[in-house]
Amino acid sequence: MKPLDRTATLRRFAAPAAICAAILVAAYVRTAEGTRHPSPWGYRLWSFAALAYSDILALHEDRGAGRHPLPYVEDKVEYPVLLGIGMWFPSVLAPDRGGYFALTFALLAACALLSLWFICALPGTQPWTWAASPALLVYGALNWDLFGILPLAAGLWLWAAGRERIAVAVLSLAVWTKFFPILVLGIVLLLSLRGPRQRTLELIAIFLGVSLAVNLPFAIWAWPRWTWFFEYNRIREIEPSLYLLLGADGRGFVTAANTISAVAVLAAALAIAAAELRTRRLDLLRAACALVCLFFIANKVYSPQYWLWVVALLALAAVPGWLGGAVSVLALADYAISFTRLHLQADRVWAQAFWFDHAVFWPMVAFRYAALAACALWAATHMLRKPDGQPHSAITA
């Protein structure tokens, strides 16, 4: 099965796009007021209380509320190269806080709508899971993750269309925007083994070539700042995650958490590879959903905007509506509870913060991981196509 033609895609796209655009407008309106709060700490105090925080504004203020230093060359950035450029470039065109936020959000909104187009173009997917999700309302302007979701969706569409070389090139761009799409790229390369080995080697070479083209200039001219993304993620303390929920020490358990995460993801990847090599019936979209959700479970950090990736993967994997809807509602609750917690901590009302942690926040964290586990389990148990049946989507090889 190939992607739908333009007319059929447009029919699937029109109504969800209208709702998605309305949600994105609401997301902009609710966060743009933050441009009136100029100081970095003043902005954080307001945004935590208003449940309207955005890293886009906060980090812009941290960088002087003007043209940002050139990433990696003049400034350490904790993100991969393409996301660093995505953060920086709007500040060149519109350095003031209002213009910077408006331009950045316009680009992110375009990414959300284009991602919806590619979801609609793949038969068997669930566009409404993405288009109508309240996760877009609260996380769309939280960070720059939509810059990475677009090349992920586009790369999967290109793969389904049989344009394998450009698909791997575009997925490589997703990797160097947010890095963990490398898990999806790995599954794509696994599926390429259904054909000649020479094809797989060529696709690997494309990934390496794109990686060098993107990273080598910064690795040469911005050493050692270019390495900060890797170093930061290695030493980063454990944030509210499954490890802290289970009582691990946020600093002392970092190395162990890194190891556990790597082993868990590697084991899951090997299990997926074994299933594909044994059956040749692996469904790319559902395998990708299962593996990335498992990564989110095992990782020592769960950034709130990761819910956007979960919702996008659920839409692509065509999970049942009840599961997609439940995840979106939970994502909204997670946002409200997480930033209420930050508001209480910022206001230093420690007695209330202590109660909120134990009565509300940590139970929410438990629900978060239960939901991620449910998503991973559903996708894993449905990632093999029936021997005589059609795949749920366009992506089979």
Where the second residue is in a strand (DSSP E or B) and not aromatic (Phe, Trp, Tyr) and the first is free of Cβ contacts under 8 Å to residues at least 60 places away in the same chain and farther than 16 Å from residue 231 by Cα and lies in the range 64-76, which pairs have Cβ atoms under 6 Å and are six or more apart or on separate chains? 69/75
Residue count, the range 326-336 (criterion: surrounded by fewer than 19 Cβ atoms within 10 Å (Cβ to Cβ) and touching a helix residue (DSSP H, G or I) at 6+ places or on another chain (Cβ under 6 Å)): 1
Search result, residues across the range 185-201 that are touching a residue at least 60 places away in the same chain (Cβ under 8 Å) and of a type in the set (A, V, I, L, M, F, W, C): 187, 188, 190, 191, 193
For the list (1) touching a helix residue (DSSP H, G or I) at 6+ places or on another chain (Cβ under 8 Å); (2) buried (at least 18 other Cβ atoms within 10 Å of the Cβ), I need the number of the one condition that residue 88 fails. (1)
What pairs can you find where one residue is in the range 326-337 and under 13 Å from residue 370 (Cα atoms), the other is charged (D, E, K, R) and surrounded by fewer than 21 Cβ atoms within 10 Å (Cβ to Cβ), and their Cβ atoms are less than 9 Å apart, with a gap of 6+ or different chains? none
Output the number of residues of the range 150-170 satisfying the condition of being closer than 14 Å to residue 115 by Cβ and among the hydrophobic types (A, V, I, L, M, F, W, C). 8
Could you give every pair whose Cβ atoms fall below 7 Å, whose first residue belongs to the range 296-317 and is within 25 Å of residue 257 (Cβ to Cβ) and small (Gly, Ala, Ser), and whose second residue is part of a helix (DSSP H, G or I) and at pLDDT 95 or above, counting only separations of at least 6 or pairs across chains? 298/260; 298/261; 298/264; 298/265
Scope the range 115-149; condition under 14 Å from residue 308 (Cβ atoms), in a helix (DSSP H, G or I) and out of contact with any Pro (no Cβ under 7 Å at 6 or more places or on another chain); matching residues: 115, 129, 130, 134, 135, 136, 137, 138, 146, 147, 149
Reported set for the range 273-298 where residues are crowded, with 24+ Cβ neighbours inside 10 Å and either in contact with a strand residue (DSSP E or B) (Cβ under 8 Å, 6 or more places away or on another chain) or farther than 17 Å from residue 379 by Cα (or both) is 282, 283
Given the conditions (1) more than 21 Å from residue 230 (Cα to Cα); (2) touching a strand residue (DSSP E or B) at 6+ places or on another chain (Cβ under 9 Å), report the number of the one that residue 87 does not fulfil. (1)
Take residue 380 and tell me if it is closer than 25 Å to residue 238 by Cα and either in contact (Cβ under 8 Å) with a residue 60 or more places away in the chain or surrounded by fewer than 20 Cβ atoms within 10 Å (Cβ to Cβ) (or both). no
Within the range 3-42, of all residues that are loosely packed, with under 12 Cβ neighbours inside 10 Å and charged (D, E, K, R), the one farthest from residue 161 (Cα to Cα) is 36
The range 30-77, residues that are at pLDDT below 90 and on the phi > 0 side of the Ramachandran plot: 64, 65
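The values are calculated or read from the model by the stated rules, or taken from the named source; none is laboratory data. Just so it is clear, the model here is predicted, and its values are computed rather than measured. Virtual Cβ from ideal backbone geometry, glycine too; neighbours counted across all protein chains shown.
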